[in-house]
Structure formats: C-alpha cells, structure tokens
Amino acid sequence: MYMGSNIMVIGNCSEEAGVLKEQLISIGEKEVIFLTTDQLTSCQCPKQSLKLIIFMTELLDTQALEQFKTLYAAFPKKPIIIISADDTETGLKMVSLGAQDHLVKGEYSLPLLKKSIHYAIERSAMLKQIDKTKNEYQGLFMDNPNPMWIYDPDTYKFLQVNKAAVDNYGYSKEEFLNMTIKDIRPEGDVFRLQKMVKSQKEEGVIDGGVWLHRKASGDEFYVHIYSHDTSFKGKKTRLVVAIDVDKSVKHEKKNEELTRQLQTYSDRINTILNSIRDSFFAVDKNWNFIYVNKMFELLFAKKKEHLLGKNVWTVFPKEFATKIAPRYEKAMKTKKHFKFEEFFEEMNMWFSVSVYPSQEGLSVYIQDITQSKIMKEEIFKERTKLNALINNTDDLIWSIDKHMRLLTANDALKAIMKQFNSHGVKVGENILVDGIEESIKADWAGYYKKALEGTALNLEYEVTIPGKGRKYLEVSFNPIKNQKSEVFGVGCYARDITERKVHQLTIEKHNRLLEEIAWKQSHKMRGPVASILGIMSMLDLNDLNSTFNQELLKHLKTTTDKLDLMIKEIVKSTISIEASNKGE
C-alpha cells in the first residue's frame, strides 16, 4: 500500500522541532515538513504526500485533545505519533482517539523513535486492511443476491440474515431473529434437518443438497443449501447460502412425469399393435427391424428378440424377399403408400401387403388372405353354391354386368345399399342407386369402367354410410371373363378395415409426436442441462459477489429460460397426444 514519503511534524517550538528533525535525519527520514498549530487550524495544510504525522505538544489536557481532534479530522487516514511532556494520561487519550503511539519528550531513544515510526505505519496499514476486509465481508453478506443467514448449530436460532433473505422469505429481520431454521421448513423435514446439523463435523464448505423451504406466505419452494463454519460474536456458528432452484427442480419433476407418460403411451401403442389380427413390422432406412408384433412372430415362426436390429432380407423366406423387395424399395424411394397381393408357393399362402413409407423407414401390414382367395375362386367356380358361400361373411360381395346392373349380391351388400335407399337394390337394377352422393357415384362408375376394360383394381375407399358413419373399405374389382377371355362383368369384394385404419392413423400420429418429444428430450434439452451443470461448477463460492459470478448468473438465467421453453413445448406435445387419445 502506498503511504507517501514525507513526515509532517506539527508543533510550536522551533528549537524542539529542529532537534526532532536531526533525529529523523539520523534514522534515515530526510523528507520532513514542519507545520505550526496555527497553520493547522487555519487549514494551511501542505498537499505533499504524507506517510506519518508527529504531533508535538506541551499544552494542557483539554487544549491538547482539541488540537489532536482537529488534526485527526484533517488527516483521518494517516498514522499519528504523539510526543508530549510527561503527561501519560493525555497521550493515552489521544491513542484511544486514533493516534498510533505516544512518546515522552526526553525519554525516547533514536531506535525507539525509529521503531515507533515503523510500527505506526504498519499498524495503520493493517487497520485499514482490516476495515476494508470487514466492509467487503459485510457487502458479500448483506448485499448478496442470494438469501444468506448465520445460525447457532446448538439452538438452531437465526443470528443474522441478509436483505435477500428478508425479501425472498417475506419475514422481517426482527421476525427472523426470533425464529429458528426449523421454522422455514415443512414439519416432515425437521428430523432430517436435525440429523444433518448434528452430522456436520467437518470444516469448510458443505453441500447440504436440495431442501423445501416455506415463506411467510406459506408458499413452499426448493432451494439448494451450502454452508460454511464461521464465528459470530465469538461463538462457533454456520454461514448458510440458499440458492433458489425451484424452477429447475419442478421442471425435473415434470420431466420425470413426462417420461412416465411416454412409457405409458409406448405400452398403449404396443397393446394396439399386438391386438390387431394382421402381421405388422417396421424397418428403418437401413432395412433393419425396429418393431414386430405377435402376429408377425407367429406367421414367420421367429421371436422378436431374434429379429430386432437384423436386416429384413436375411429373415424373410427367399421367395418372399425376391418378390417384395422391389416394391418395398420403390415405396422407400417414392414415399408413396401402396398395397399389393401376392401368392408365395414356399409358404402356400396368399398375402395382402400394405406398405406405408415415412422419413424414418417403412411400416408394413401383412394380412393372410389365403382363405379369402380360396373363397373367391370357389364362388366363381361353383355358381350354384354362390349364395350360400357369399353370405357367410360380413364382407361385401357382388357382381355386375357390362351395364353396371347387379348380377349377384350377398346379404351384407344388400343391407348396406338399404342404408342409402330404403328400396335397396335388386338383381337387374343399376348398382348406383338413388341416395348415393353424386361424387361417390362418379368414383365407383370409374372403378367399374376400368374393371370392365380388363384391369383388376385393389384400393382403399373412405365413405360415409348413413346410420353407420365414416367407414374405410378395402375393395377389389376383378374382371369376369368367358371362355373366350371376353370381359362380361365385374366381381367385386369389399372388406371393412375401419378398425385397422383408425389404428394405423392413430399409431402414425402418436409415433410422430413421440419421436418429436423423445428427440427434444435426448438432444435439445441436453445442451441447456449441460450448460446449467457447467455454470454451477464454475461458481466461485468464496467470492459470490464477483463480476465473474454475476456474469455466470446471467448465463444461468438465460439457459434456465431456454430449458423452461423446451419443457413447455414437450408438455404441449403431450397435451396433443392426450387430446388425440380422448378423441379415439
């Protein structure tokens, strides 16, 4: 610390001042300034840099003290040595008022004078440093933005609290000092608190973990507690800082709940997929299995654990893979849904395959239609058994001639047609009866026309049936040919696939939402969480009011706000899933 280079001597006796000057020079102090008491009182103080003041006085007690007070008021931060006549009581009073030392004229030696000057300067510097440290400590405690307090570990009573504690908890300082640290906690946490306080034997900073605290209003919030042993008014105490982590803790709890909900939704989807009668599997963009249902396991006699992660072309029978590979690859490339039927000799089975591409891969439904195919063949082979056969199913089966007049129809088709027209439709009448919307008539007239031209059609059709609501139908139109291969009619077959279709649409929607939520959790939230952990590890707990800590706290707030926004987006997506489930 820079103290200056001059010594100022104040006194009225020039002879004594001259002697003192020679003494100071002899001990190495060459830069000496002389000032009379009159100059002091008239504010004729020198502006030179001072390191010490020597006050020489022979006045009586009261006058000497008044002059000293004037001197001390003019130079409150400079060390002062008193040299007086044999008046120990007056010298001691001046020392009590701020002087560093007192020497009696004619009784001190040069070494003592030198030592007194040295110690006065050092003692003054030390006192200034103590005052500075005390002020800094008070600032760190009282002005700290985080609630802080000092408590007695024996009685648990608050001994001191800072402004942030008063502001955040809602108690006045006087109320705090009449409370214990038990009073700001729920009753259920008191035993845990007592156990922790009794176990804190080590010195230094202790991470007390996260606690639930209660404000004067009764509101509860989460804080992270750090404490350090300290001394207060001569007693062993503990200093505590409470960092508000309420938002982050509650967000974490919400995240845990969201994870639980995601697992519930995942289980629900698995239940849906395993309840349908079709075989279902999904592959990623690399043709590796990512899901199979139980019907798929039964169909191909392979366990799920032996399929997941394996390439689809190494699992399917050779003939199956050869026939369907080009179609699957086309779906993957064009991203268009399509459906086809195929007979596989190796398995002696007919399959209806529906392929649904996405950005992540393919979802495929495989329906065993062997029996359906056999039934259709028998219908056209044995005309006499037609009615008995076609009425054994809820599916719609009918045929028309070249003029779209009904040739045959099962009971299911007749019942559906009565929903559009109370008269229904009879053999020989136009299949497109009154009561059917014109747009539907146009669609079906086009399908019949293509089939009559010799093109077999397989398609899905969405239609609203009076009294039954919206339905999804799987419809096939097969040209009927005579022995000359001339088309004379169309055999038609329609199957209600509403349940499967709704399942499919629900699954696709849920998958998109679940993938979006999972991606946000595993990727977008990783960055803010890592940032928060990094910032917390960088906080300087020994200097909480430092500029560096303030900057870290600003970054911590920004990152926490970002994390809060992400969690709100995840909650919004979750609400969408719940709303969708209620709509089902």
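The values are calculated or read from the model by the stated rules, or taken from the named source; none is laboratory data. Values in this document were obtained by computation on a predicted structure and should not be read as measured data. We place every Cβ from the backbone using ideal geometry, glycine too, and count neighbours over all the protein chains shown. To get the accessible areas, we keep the full protein, side chains included, count just its heavy atoms, and leave off ligands, DNA and RNA. Shrake-Rupley method; radii C 1.70, N 1.55, O 1.52, S 1.80 Å.
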- Task: Output the relative contact order of the chain, whole-number percent, from Cα pairs under 8 angstrom with separation of 6+ residues.
- Result: 6 percent
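Using the heavy atoms of the protein chains alone and a 1.4 angstrom probe, what is the accessible area of the stretch 401-552 per residue in square angstrom?
Values: 8290 Å² over 152 residues.
Each residue of the stretch 401-552 exposes 55 Å² on average to a 1.4 Å probe.
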- Sorted peptide list for 326-338, 410-422, criterion being average Cβ within 10 angstrom, highest first: 410-422, 326-338
- Within straight-line cross-link reach of Lys21, lysines at Cα separation under 18 Å, skipping those fewer than 8 residues along the same chain: Lys30, Lys51, Lys105, Lys114, Lys115
- Query: If you place +1 on the Cβ of every Lys and Arg and -1 on the Cβ of every Asp and Glu, how big does the dipole about the Cα centre of the stretch 421-564 come out, in debye to the nearest 20?
  - Reply: 340 debye
- Could you tell me which of Thr464, Ala17, Gly91 has its Cα farthest along the dipole of the chain towards the positive end, charges placed at Cβ (Lys, Arg +1; Asp, Glu -1), taken about the Cα centre? Thr464
- Query: On the accessible surface of the stretch 415-515, probed at 1.4 Å, how many percent belong to carbon and sulfur atoms?
  - Reply: 49 percent
- Item | Sequence ranges 489-502, 111-124, ranked by mean other-Cβ count within 10 angstrom, highest first | 489-502, 111-124
- Which listed residue (Ile184, Phe75, Val355) has the Cα farthest towards the positive end of the charge dipole for the chain, taking +1 on Lys and Arg C-beta and -1 on Asp and Glu C-beta about the Cα centre? Val355
- Query: So how far apart, in nm, are the two label points at Asp564 and Arg526 if each is 7 Å from Cα heading toward Cβ?
  - Reply: 2.6 nm
- Message: Nothing charged except the Cβ atoms of Lys and Arg (+1) and of Asp and Glu (-1): what's the magnitude of the dipole of the chain about its Cα centre? Round to the nearest 20 debye.
- Response: 2460 debye
- Taking a 23 Å limit on the Cα-Cα distance, which of the listed pairs Lys198/Lys254; Lys304/Lys572; Lys402/Lys481; Lys173/Lys250; Lys426/Lys468 fall beyond it? Lys198/Lys254; Lys304/Lys572; Lys173/Lys250
- State the answer as a single residue: which of Leu539, Tyr328, Val427 lies farthest towards the positive end of the charge dipole of the chain, with beta carbon charges of +1 for Lys and Arg and -1 for Asp and Glu, about the Cα centre. Val427
- Message: Given the -39500 (n - 2.57) contribution per DSSP H run of 4+ residues, what per-residue ellipticity at 222 nm results for the chain, rounded to the nearest 500 deg cm²/dmol?
- Response: -15000 deg cm²/dmol
- Task: Could you tell me, in Å, what Rg and Dmax come out for the Cα atoms of the chain?
- Result: 47.8, 152
- Expressed in nm to one decimal, what extension gain is obtained for the pair Lys235 and Lys381 from 0.36 nm per residue of sequence separation less their Cα-Cα distance? 41.9 nm
- Potential lengthening between Lys310 and Gln550 on full extension [0.36 nm per residue; Cα-Cα distance subtracted]: 81.1 nm
